[in-house]
Amino acid sequence: MSRLTVRGVDQVLESGVSPAAEPPGTRDFWARRVLIGWSLIAPFYAYSIPSSLFHGCASSLLTTTTTTTTTMASFAIKDHSSAASMPSSTSAQQFHNFSPVTLFSFTSNGSATWMYTTVAVVLSLLVLEQSVYRYKKRHLPGDKWTIPIIGKFADSMRPTMEGYMKQWNSGALSAISVFNIFIVMASSNEYSRKILNSPMYAEPCLVHSAKAILQPDNWVFLTGKEHVEFRRILNTLFTRKALGIYVNIQDVITRKHLTQWLAAAAKDPNPQPIMMISRYLNMDTSLRVFCGNHLPEQASIEISEKYWAITQALELVNFPLAIPGTKVYKAIQARKIAMNWLELAARNSKIAIANGAEPECLIDHWMSTISESSYKGRKDLSDREIAMVVFSFLFASQDAMSSGLIYGFQHLADHPDILAKVREEQERVRQGHYDSPITIEQLDQMPYLQAFVKESLRVKPPVTMVPYKTTKAFPISDDYVVPNGSMLIPSFYNSLHDPEVFPEPDVLNPDRWLDPNSSANANPKNYMVWGAGPHRCIGVEYATMNIALVLAVACTSFDFEHHVTEKSNEVEIIATLFPKDGCLLKLTPRP
C-alpha cells in the first residue's frame, strides 16, 4: 500500500492560520477545502488505488489553485509497503494530533465553512470515482464517464435484450459500472470461453444475493480440486443407466400435468398463459426424479409455490439485504421450507436403500452407489448435505428448463411445418401407441425432435450470461488486464447467433443440426447454451430429455394454437428468458 505524506496539511498547521478564517470564495479558501477533503478520504482510498493514479487525482484537483497552495497541497507518495502509514516526523506528528474537528470548527462563519468543506469532500469523491473508473476501463468500449455513484443501476433494474445486445455489439470486451462495481462484459466466443475455462483467475459469483439464498457452502460455489472431485461423484447421477430410471418418472408426471391442462382448457377454451403451469410441471417432475416418493404431494406443491420467490431474488440486481418484505428475505424463507422437505427425502431414502429397496430416484441412486463396497468416496453424508445438492439441482434446472419448454411450445405453434415433421416422427417411432410410456431408447430414435429442441434453445437460450468474479488480475488479452475483484460476465448469446457458424441466426432451422457437415456441427464450441469449462451444466442430458419428452407427449395429445400479442416476441429477463406475455396457448384435444 502507499505510504502518504501530506505536506500541505503540515504547512496549514505550521502557518497558524485557521482554515475556518479563510474568506469564502477565494482560491486559497477552496484549495484548503479540497485539501481537507483529500486528507480525510486519502486513508480509505490509498488501499485500492494505484499510487500513480492517486497522485494524479490529487494533482488534477488542485491545478486551479495558486502555485503556493498547489505546492502546499501536493502529495508525496513514497515507497510501497504492506500497510498505509505516516512517516515519523515532526510534521507527521502534528498531522497525527490534528483532529478533523479542528477543520470543521465553527467560527462566525462556521456554517458556511461546513458547507464549503462538505462540497469539497463530495467533489473530491466524485472526481476520484470517475478517475478510478477511467483507470480500470482504459481503452475498452463503454461510457467515457459513469453516472456518479449508481452507474448503470437504472438499466440493470430493467434489463432488456436490446440493451444487452447494444453492450455486446460495442466490442469483444466492454466495461460498465454499477454502484462502483466495475464490470467487464465479454461478447466474443473466444473471450467467453476463456473466462469459463480460467478457474485460476475467475470463479462464478452469480448475483450478489446468491450465497445468501443458496448458502455459502453450496457445492455450486466450490472451485479448484474440491469442485472437480465433488463433481466427479455427482456425474454418476446422470449416467445412461440413471437417465433410464428418470425417464419413466418424467413420463408419468408429464401426462398427469398435461391432462390437467386439457381439463382446464375444457372449462375455459380461451387462450391461457402457460408460463406458471409449465414451471409447476417442471418442478413436480424434478422433485419426483430427484426425491421419488420420499416426498408427500403436499411438499411438491409447497416447494413449487415458494420457489418463484427464489427466481425473483436471483435477478441480476436486487436489494441485497435480507430485510422482511424484500425479495431476498422471501427467497431465504422459501429455501428454508424447501430444505426441510428435501432433508426429509434424504432421510427416507437412506432408510429405504439400507432396507434393500431398489433405486427409484436420484437420491436412491446416489445412496445405492455409495453403499457399494467398491465405492471409495465419502459415505457419511448428512441429510443436509444431500438436500443441499438436490436444492442446487433444482436451482440449476428449474428456470432453464421452464424457459426452454415454454419457448419450445411457442416455436412449435408458430412453425406448423416443423410441428408436422415432429408429429410424423412420433408416428413412425411410437406407431400410434401414444398412451404407452416413452422410453429412453425411443427418444434416441427421434433425431428431428432432438434437433428441434437443440435449435429452439439456440434461438432463445434460457441463460444468456453467467457472472464471474476475478480472484486476481486476469490478463484476458494481449492489451488488457481485468483488475482483481472485478465482475466478469461472459455472454453466450453472440456465440449462439454468430452468422458465420449459424447462417440466418435468428431463423429457427432444426435441419442445420441434421447435416453432419454443417457449420453448426463443425463448430461445437459455439453451442454454449449449457456453458463451458469446469462449471458446465451437469444435467444437460436430463434437461434436454425432459423438454423433448414433454413436447413429444403434448404434440400427440392435443393441438395448441398460439395467441400472438404485441408482447409475444418481447423478452422478459427473470434469471432466464421468458416471453413477456407468458405464451398464451389455446389447447384442444386431438382426435
Of the conditions (1) at pLDDT below 95; (2) under 32 Å from the mean Cα position of the chain (by Cα); (3) more than 30 Å from Val220 (Cβ to Cβ), Ser373 satisfies every one except a single condition; which number is it?
(2)
Sort out which residues of the stretch 295-306 are in contact (Cβ under 8 Å) with a residue 12 or more places away in the chain and in a helix (DSSP H, G or I), and write them in order of number.
Ala299, Ser300, Glu302, Ile303, Ser304, Lys306
Is the stretch 223-237 home to any residue that is buried (at least 19 other Cβ atoms within 10 Å of the Cβ), in contact with a helix residue (DSSP H, G or I) (Cβ under 9 Å, 6 or more places away or on another chain) and assigned by TED's automatic domain parsing to the domain that holds Glu360?
yes
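Report the residue count in the stretch 515-533 for those that are assigned to a loop (DSSP other than H, G, I, E, B) and surrounded by 15 or more Cβ atoms within 10 Å (Cβ to Cβ). First the steps, then the outcome.
Start the filter on the stretch 515-533 by keeping residues that are assigned to a loop (DSSP other than H, G, I, E, B), which leaves 515-518, 523, 527-532.
Adding the requirement that they be surrounded by 15 or more Cβ atoms within 10 Å (Cβ to Cβ) leaves 518, 523, 527-532.
Total satisfying the criteria: 8.
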State whether one or more residues within the stretch 428-435 are of a type in the set (Phe, Trp, Tyr) and either assigned to a strand (DSSP E or B) or in contact with a strand residue (DSSP E or B) (Cβ under 6 Å, 6 or more places away or on another chain) (or both).
no
Please specify each residue of the stretch 131-143 satisfying the condition of being more than 15 Å from Val481 (Cβ to Cβ) and surrounded by fewer than 17 Cβ atoms within 10 Å (Cβ to Cβ).
Arg134, Pro141, Asp143
Flag for Trp513 being out of contact with any strand residue (DSSP E or B) (no Cβ under 6 Å at 6 or more places or on another chain), under 24 Å from Asp251 (Cα atoms) and of a type outside the set (A, V, I, L, M):
no
Are any of the residues in the stretch 538-548 touching a residue at least 24 places away in the same chain (Cβ under 8 Å), among the aliphatic types (A, V, I, L, M) and more than 21 Å from Gln398 (Cα to Cα)?
no
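What do you reckon, is Glu203 surrounded by fewer than 17 Cβ atoms within 10 Å (Cβ to Cβ), modelled with pLDDT of 85 or more and within 29 Å of Val466 (Cβ to Cβ)?
Details: surrounded by fewer than 17 Cβ atoms within 10 Å (Cβ to Cβ): no; modelled with pLDDT of 85 or more: yes; within 29 Å of Val466 (Cβ to Cβ): yes.
Spelling it out, it is not the case that Glu203 is surrounded by fewer than 17 Cβ atoms within 10 Å (Cβ to Cβ), modelled with pLDDT of 85 or more and within 29 Å of Val466 (Cβ to Cβ).
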What number of residues in the stretch 262-294 are surrounded by fewer than 20 Cβ atoms within 10 Å (Cβ to Cβ) and in a loop (DSSP other than H, G, I, E, B)?
4
Flag for Ser368 being closer than 25 Å to Leu549 by Cα, in a helix (DSSP H, G or I), among the small types (Gly, Ala, Ser) and modelled with pLDDT under 95:
no
Condition check for Gln250: assigned by TED's automatic domain parsing to the domain that holds Ser300 and over 25 Å from Glu441 (Cα atoms)
no
Given the residues Val553, Val529, Val571, which is the only one that is over 30 Å from Leu196 (Cβ atoms) and of a type outside the set (Lys, Arg)?
Val553
Looking at (1) surrounded by fewer than 20 Cβ atoms within 10 Å (Cβ to Cβ); (2) farther than 16 Å from Met283 by Cα; (3) touching a residue at least 60 places away in the same chain (Cβ under 8 Å), which one does Ala396 not meet, given that it meets all the others?
(2)
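Condition check ((1) surrounded by fewer than 20 Cβ atoms within 10 Å (Cβ to Cβ); (2) farther than 23 Å from His227 by Cβ) across all residues:
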position: Ile363; (1), (2): no, no
position: Met367; (1), (2): no, no
position: Ser371; (1), (2): yes, yes
position: Ser382; (1), (2): yes, no
position: Glu385; (1), (2): yes, no
position: Gly404; (1), (2): no, yes
position: Gln410; (1), (2): no, yes
Per the list (1) buried (at least 17 other Cβ atoms within 10 Å of the Cβ); (2) among the aliphatic types (A, V, I, L, M); (3) at pLDDT 95 or above, residue check on Met487 breaks on (3)
Could we say that Ile351 is at pLDDT 95 or above and either in contact with a strand residue (DSSP E or B) (Cβ under 9 Å, 6 or more places away or on another chain) or at positive phi (or both) here?
no
Given the structure, is Gly582 on the phi > 0 side of the Ramachandran plot and exposed (fewer than 15 other Cβ atoms within 10 Å of the Cβ)?
no
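Residue by residue, here is whether (1) modelled with pLDDT of 75 or more; (2) more than 21 Å from Ser187 (Cα to Cα) holds:
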| position | (1), (2) |
| --- | --- |
| Ala120 | yes, yes |
| Val132 | yes, yes |
| Pro141 | yes, no |
| Ile149 | no, yes |
| Ala154 | no, yes |
What number goes with the only condition from (1) in contact (Cβ under 8 Å) with a residue 40 or more places away in the chain; (2) part of a helix (DSSP H, G or I); (3) not small (Gly, Ala, Ser) that Glu226 does not pass?
(1)
Determine whether the stretch 308-329 contains at least one residue that is among the small types (Gly, Ala, Ser), in a loop (DSSP other than H, G, I, E, B), touching a residue at least 24 places away in the same chain (Cβ under 8 Å) and surrounded by fewer than 20 Cβ atoms within 10 Å (Cβ to Cβ).
yes
Right, Lys306: charged (D, E, K, R) and under 25 Å from Ala338 (Cα atoms) or not?
yes
I'd like to check something: does the stretch 431-454 contain any residue that is at pLDDT 95 or above, closer than 23 Å to Pro273 by Cα and buried (at least 18 other Cβ atoms within 10 Å of the Cβ)?
yes
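The values are calculated or read from the model by the stated rules, or taken from the named source; none is laboratory data. Computed from a predicted model, the values in this text were never measured in an experiment. Every residue, glycine among them, receives a Cβ derived from its backbone with ideal geometry; neighbour counts consider all protein chains shown.
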